[in-house]
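Following: one structure in structure tokens, then a few remarks.
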Amino acid sequence: MTYCVGLLLNEGIVLLSDTRTNAGLDNISTYRKMFTFEDPGERVIVIMTSGSLSVSQTALAQLREAIEDPEATPETSIMLAPTMLKVAEIVGDRLAKVREEIDHKLSAAQGASASMIVAGQRKGGAMRLFLIYPEGNFIEATEDAPFLQIGEHKYGKPILDRVVKPSTTLADAQKAVLLSMDSTLRSNLSVGMPLDLAVIELDACKVTLKRRIEAGDPAFRAMSEAWSTALRDGFARIAI
């Protein structure tokens, strides 16, 4: 399993993913869940994945193949699509087709599926953030719902519900997604380090901050401990 979260804010987009793919007693493996496509200053697209690796890897490989195709068109390539909405449609169509093809090869009991978060901006367009479902349909982050999650989202949702607004600064947003991930890491073994963090500032049309956070990272550990202390202190002060 995994946990990925994206925030759409007035100042930009903040994205965070884990890398856990399997968590058994003696078999823990990792795989990157965040993938970046850039033409700096012109277009940036970040895709995060959750679910079946066979589905997500195949879909991403086909998206890359379409980008590199010399006969690529705005209907086939996410790097030529005229809008981020069209990008979401291309990704959704590809994800649905791959899922159907793989499902056809597997028995009903072994059906595979994946979901994706697609974020980005093209020059002259608005920043947009989409959640793509396995069937290819999608929803979009809005001012009323400025964040989207895939994977094991329930543990990290409460802090986002309480803290995140469109006016949240990029610095506070990074803190929010990291604490959201920390809550998930503490409650679910199927989510694990290292983490990938990316920030896209408004109108930059490129990833302006990219950070890999390894297990034992001192800054992340200090933040986690400070959050635990704050929660314990707040709990102790509440009267019933």
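The values are calculated or read from the model by the stated rules, or taken from the named source; none is laboratory data. It should be emphasised that the depicted structure is a prediction, and the values quoted were computed from it without experimental measurement. Here the Cβ positions follow ideal geometry from the backbone for every residue, glycine too, while neighbour counts run over all protein chains shown.
Overview of results
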quantity	calculated
Conditions (1) outside any loop (DSSP other than H, G, I, E, B); (2) modelled with pLDDT under 95; (3) within 26 Å of Phe147 (Cα to Cα); number of the one not met by Glu101	(3)
Cβ pairs under 7 Å, 6+ apart, first in region 210-239 and of a type in the set (Gly, Ala, Ser), second surrounded by 11 or more Cβ atoms within 10 Å (Cβ to Cβ)	Ala215/Met193; Ala215/Pro194; Ser224/Asp182
Members of region 90-110 found to be touching a strand residue (DSSP E or B) at 6+ places or on another chain (Cβ under 8 Å) and either without any contact (Cβ under 8 Å) to a residue 40 or more places away in the chain or within 26 Å of Ile13 (Cα to Cα) (or both), listed by number	Val91, Gly92, Leu95
Cross-chain or 6+ apart pairs with Cβ under 9 Å, region 125-147 first and at positive phi, then surrounded by 17 or more Cβ atoms within 10 Å (Cβ to Cβ) and not in a strand (DSSP E or B)	Gly136/Glu89; Gly136/Val91; Gly136/Gly92; Gly136/Arg94; Gly136/Leu95; Gly136/Ala96; Gly136/Arg99
Qualifying positions in region 122-145 - in a loop (DSSP other than H, G, I, E, B) and surrounded by 21 or more Cβ atoms within 10 Å (Cβ to Cβ)	Met127, Pro134, Ala141
Yes/no for Thr76 being within 21 Å of Ser115 (Cβ to Cβ) and either among the charged types (D, E, K, R) or outside any strand (DSSP E or B) (or both)	no
Checklist (1) part of a helix (DSSP H, G or I); (2) of a type outside the set (Val, Ile, Thr); (3) surrounded by 15 or more Cβ atoms within 10 Å (Cβ to Cβ); (4) without any contact (Cβ under 8 Å) to a residue 60 or more places away in the chain applied to Ser56, failing item	(4)
Cβ-Cβ under 8 Å pairs, at least 6 apart or on other chains, region 162-184 side assigned to a helix (DSSP H, G or I), far side basic (Lys, Arg) and surrounded by fewer than 20 Cβ atoms within 10 Å (Cβ to Cβ)	Ser180/Lys157
Residues satisfying the stated conditions in region 55-89, i.e. more than 18 Å from the chain's Cα centre (by Cα) and polar (S, T, N, Q)	Gln62, Thr73, Thr76, Ser77, Thr83
